[in-house]
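Trainee: Here you go, one structure.
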Amino acid sequence: MKNQTDTKCEHCSVRHQKILKTLSDGELRIISDCKTASVIKKGEVIFEEGDVLAGVYCIKEGICKLSKLSANGKSQIVRFVGKGDILGQRSVISNDSVNLTAVALTDIKACFIPKDEVFNFFATNTDFSIEVFRNVCDELKKADNTIVDLAQKTVKQRLADTLLFLEDNFGTDEKGYINIQLSREEIGNMIGSATESLIRMLSEFSKNNWIETQVKKIKILNKKKLEKLSLGN
């Protein structure tokens with residue numbers, strides 16, 4: 001990670017997003033005085049499963065993946081974190097080591113905020129506390145939904161779900177390709193499929209003119225078909 005000069009928190013482009021929207025200008029100035037701004041390069045590990053964090057990361061720009069190592073040694077992507085998100089909050093709140101590994105999928109601009117300041121806001125800002133716990137509960141809800149999907153949906157349905165999720169959450173570039181590039185192995189791990197099977201399904205989707213692929217890039221051509229497939233129609 002490389003340190004960089006950054007804007008003050010009270011003037012930051014993400015200050016009105018998610019958890020940060022509950023903080024006053026005065027509280028944001030407190031963060032500005034104690035934070036460490038960094039540039040995290042694509043592919044760099046931010047923290048690893050088992051690490052103990054001394055604070056949280058506020059993502060100003062970029063996307064990172066959170067993954068967990070399974071018993072067979074494969075890395076399973078659990079979720080993504082992007083602009084305006086806070087990374088490491090569960091670990092800091094529970095005073096426990098992190099159970100996931102965070103890796104930058106793009107170059108990331110992030111600020112590290114010491115956990116002492118986070119706990120101070122818990123004690124003085126009720127809205128902040130509620131929003132943090134609401135965010136953690138939302139992550140648990142998504143985890144529950146993922147477990148149900150793995151048990152009840154077919155692999156093709158899960159692939160359609162994943163492609164729609166990636167486009168909805170990360171948007172597309174000027175050519176219509178989803179604004180996040182994942183390896184075939186990573187997508188396969190997300191939907192619980194072997195890489196070879198995932199490649200065959202992507203090929204089938206392409207032949208049906210539902211998607212278009214270019215190396216790691218994927219463009220959705222027929223969103224309605226993917227939505228119908230996702231619903232089992």
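The values are calculated or read from the model by the stated rules, or taken from the named source; none is laboratory data. Worth saying up front: this structure is predicted, and the values here are computed from it rather than measured. Cβ coordinates were reconstructed from backbone atoms using ideal geometry, including for glycine residues, and neighbour counts include every protein chain displayed. The protein model used for the area step is the full one, side chains on, heavy atoms only, and it has no ligands, DNA or RNA in it. Shrake-Rupley method; radii C 1.70, N 1.55, O 1.52, S 1.80 Å.
Trainee: Give me a comma-separated list of calculated 3J(HN,Hα) values for region 107-123, in order, Karplus coefficients 6.51, -1.76, 1.60 applied at θ = phi - 60°, integers in Hz, x for any Gly or Pro.
Mentor: Per residue, the Karplus-derived 3J(HN,Hα) values read 4, 10, 9, 9, 10, 8, 10, x, 5, 4, 5, 4, 5, 4, 5, 4, 6 Hz.
Trainee: Another question, if that's okay. On the accessible surface of region 147-233, probed at 1.4 Å, how many percent belong to carbon and sulfur atoms? Numbers along the way, then the final one.
Mentor: Working: 2370 of 4930 Å².
Here it works out to 48 percent.
Trainee: To the nearest 0.05, what FRET efficiency results for E227 and E44 with a Förster distance of 25 Å applied to their C-beta separation? Before the final figure, lay out each step's value.
Mentor: Values: r = 35 Å, r/R0 = 1.41.
The value I calculate is 0.10.
Trainee: Could you tell me how many degrees, from 0 to 90 and to the nearest 10, lie between the Cα long axis of helix 25-34 and the main elongation axis, the longest principal axis, of the Cα atoms of the chain?
Mentor: Value to nearest ten degrees: 90.
Trainee: I need the semi-axes of the equivalent ellipsoid of region 98-233: take the C-alpha gyration tensor, multiply each eigenvalue by 5, square-root it, list largest first in whole angstrom.
Mentor: Details: eigenvalues 229, 66, 41 Å².
Listed largest to smallest, the semi-axes of region 98-233 are 34, 18, 14 Å.
Trainee: Any idea what angle helix 126-152 forms with the longest principal axis of the chain, computed on alpha-carbon atoms, 0 to 90 degrees, nearest 10?
Mentor: Its long axis makes an angle of about 20 degrees.
Trainee: Amide H to amide H under 5 Å from I46: which residues, 5+ apart in sequence or cross-chain, H placed 1.01 Å off N in plane?
Mentor: A102, V103, A104
Trainee: Compute the FRET efficiency between T213 and L140 as 1/(1 + (r/R0)^6), taking r as their Cβ-Cβ distance and R0 = 41 Å, and round to the nearest 0.05.
Mentor: Numbers: r = 33 Å, r/R0 = 0.81.
Calculated transfer efficiency: 0.80.
Trainee: Mind grabbing the base-10 log of I(q)/I(0) for region 9-150 at q = 0.12 Å⁻¹? Debye formula, identical points on the C-alpha positions, no solvent, two decimal places.
Mentor: -0.48
Trainee: Taking the full set of protein chains and a 1.4 angstrom probe, give the accessible area of D149 in square angstrom, rounded to the nearest 10.
Mentor: 50 Å²
Trainee: How much accessible area per residue does the chain have, in Å², with a 1.4 Å probe?
Mentor: For the chain, the solvent-accessible area averages 54 Å² per residue.
Trainee: Any idea how far the Cα center of region 115-179 sits from the one of region 199-233, in Å?
Mentor: Between the Cα centres of region 115-179 and region 199-233 lies a distance of 22 Å.
Trainee: I'd like the FRET efficiency for Q17 and R200, computed as 1/(1 + (r/R0)^6) with the beta carbon distance as r and R0 of 45 Å, rounded to 0.05. The partial results should precede the final answer.
Mentor: Values: r = 39 Å, r/R0 = 0.87.
That pair, Q17 with R200, gives E of 0.70.
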